[in-house]
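Have a look at the structure below before the remarks.
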Amino acid sequence: MTLTVEVFGARAVARARAAVIVPACDEAERIGACLDALAAQDGRRDCAVTVCVNNTGDATAEIVRDRARRHRLVLILAEVQLPRGGVGRARRLGHLLAMRHSPMAWALLSTDADCVAAPGWLSAMRHALRGSAAVLGRIEGLDDLPPPLMAAVCGAGRTEDSYMRLSLEFARLVSDAGATPLGLNTAGGANLGIRRDVYRAVGGFRALPSREDRELVDRIVAAGHRAIRSDEALVRASMRPDGRAPGGMADKIRDRLAGAAGPLDSALAPVGAMVSRCLGQGAAACDAFSSPQAERELTILARHVEALRRLDGPAARRRYLSSVDPALP
C-alpha cells in the first residue's frame, strides 16, 4: 500500500474539535460540490476534513487541493491504492488519519464524496453527539437525474419508502428509548457521526467492501452504547446509478430504473419478524425481503401501526402485539 498525505493548515488541523471523513474513488465530478458544502458550514473553523482518495485515476485529488486553497479549508488529503477492502478500508484509513492529526477531535463524522451537506449539518451532528454515542443523520436524494428518470426512480420505490416509514414508526412506538430510538439500523456512511471514545472502544470501521457502516453501528449498539437518529442533520446524496460500493444506493437506483424487483433495504423485515423481535422472541432467518412481499404486507403493517398509535406507552403496545396474529390483515 502506497500512501501520501498532505495537510492544509497543520496548526488548525491539530486544534480541531471535530473531523469529517470523506472516502473518494474517481469522484472528480462530485467532490467539488461536497467540499463547497462543507466549507459553508457554521463551525467549520474548528473542524478538519479528511479526504481519503483511493484507487483513483481521475482528477479527484487535484480538485480537493483546489477547494482546500480556495476555501482555506482545514484539510487532510490522503492518496492511496488499496489492494482490497473497498470503502470500508478507505473509511478506516480516513478515520485513523483524522484521529492521528487531530488528537482533540471528539466528534467523528462521515459523509460521501457524492453528497452535499445541508446548511447546519455540522452543528446538528455535533449537538446530537453530545448526548449519544452515535448519530444516524437523514439522507435524501439530490435532484441530479433528468426529470423522467427521477420520476421512474421515485415511482418504483414507493412501496419500499412507505414500508420503511411505517417500520421506523413501529420501532419508535414500541421502544423504551424515547422520541429518537434507533429502532432499525439504517446507518449510511453518507451521514453518520460517532464519538471518538466509542469509535476507538469498538474497534472502528472494518475493511469491508460494503455495509461497513451498519456493521459498525451493530457493534456500537451491542456494546451497550446509545445510537439515535437526527432529522435535523441532513445530507443529500447523488441519485446516480453508477456507484462505488456493491449493494449500495446506486445499485438500488439502477434496479428501479430497470424495473427490477430487487431486494429491499436490509433493515426491513416481514411484519411477523418485526413483532417477534419486539417481543424478545427472536426472528427466524428469512430470504431477502422483496418489493412484492412488502406490497402484500403493507396494509397489515399500517393496521398495526394505527392500533399502536392509539395505545399509551410501550408496555401497552407490546401487550397488544402479544395478543394478535401479526400476519392477519
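The values are calculated or read from the model by the stated rules, or taken from the named source; none is laboratory data. Not measured: the values here are computed from a predicted model. Backbone-built Cβ (ideal geometry, glycine too); neighbour counts: all protein chains shown. Note: areas computed on protein heavy atoms with side chains; ligands, DNA, RNA excluded. Shrake-Rupley method; radii C 1.70, N 1.55, O 1.52, S 1.80 Å.
Looking only at the range 291-314, which residues are out of contact with any Leu (no Cβ under 7 Å at 6 or more places or on another chain), of a type in the set (Gly, Ala, Ser) and closer than 11 Å to residue 162 by Cβ?
If the condition is that a residue be out of contact with any Leu (no Cβ under 7 Å at 6 or more places or on another chain), of a type in the set (Gly, Ala, Ser) and closer than 11 Å to residue 162 by Cβ, then no residue fits.
Condition first: closer than 25 Å to residue 52 by Cα, open to solvent by 40 Å² or more (accessible area, probe 1.4 Å), at pLDDT 75 or above and not in a loop (DSSP other than H, G, I, E, B). Now tell me which residues in the range 235-288 satisfy that.
Passing the criteria: only 236.
Across the range 76-92, what is the total count of residues that are at pLDDT 95 or above, open to solvent by 20 Å² or more (accessible area, probe 1.4 Å) and either farther than 19 Å from residue 63 by Cβ or not acidic (Asp, Glu) (or both)?
Of the residues in that region, 1 qualify.
So which helices (runs of 4 or more DSSP H) are wholly in the range 139-206 and hold at least 1 residues that are within 20 Å of residue 290 (Cβ to Cβ) and at pLDDT 90 or above?
158-174
Just the residues that are open to solvent by 40 Å² or more (accessible area, probe 1.4 Å), closer than 18 Å to residue 42 by Cα and in a helix (DSSP H, G or I), please, taken from the range 93-138.
Scanning the range 93-138 gives 123, 127.
One line per residue, one yes/no per condition, for (1) closer than 21 Å to residue 125 by Cα; (2) free of Cβ contacts under 8 Å to residues at least 60 places away in the same chain:
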{"site": "42", "(1), (2)": "yes, no"}
{"site": "48", "(1), (2)": "yes, yes"}
{"site": "55", "(1), (2)": "no, yes"}
{"site": "75", "(1), (2)": "yes, no"}
{"site": "84", "(1), (2)": "no, no"}
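On the basis of being closer than 23 Å to residue 126 by Cβ, under 24 Å from the mean Cα position of the chain (by Cα) and among the aliphatic types (A, V, I, L, M), does residue 38 make the cut?
yes
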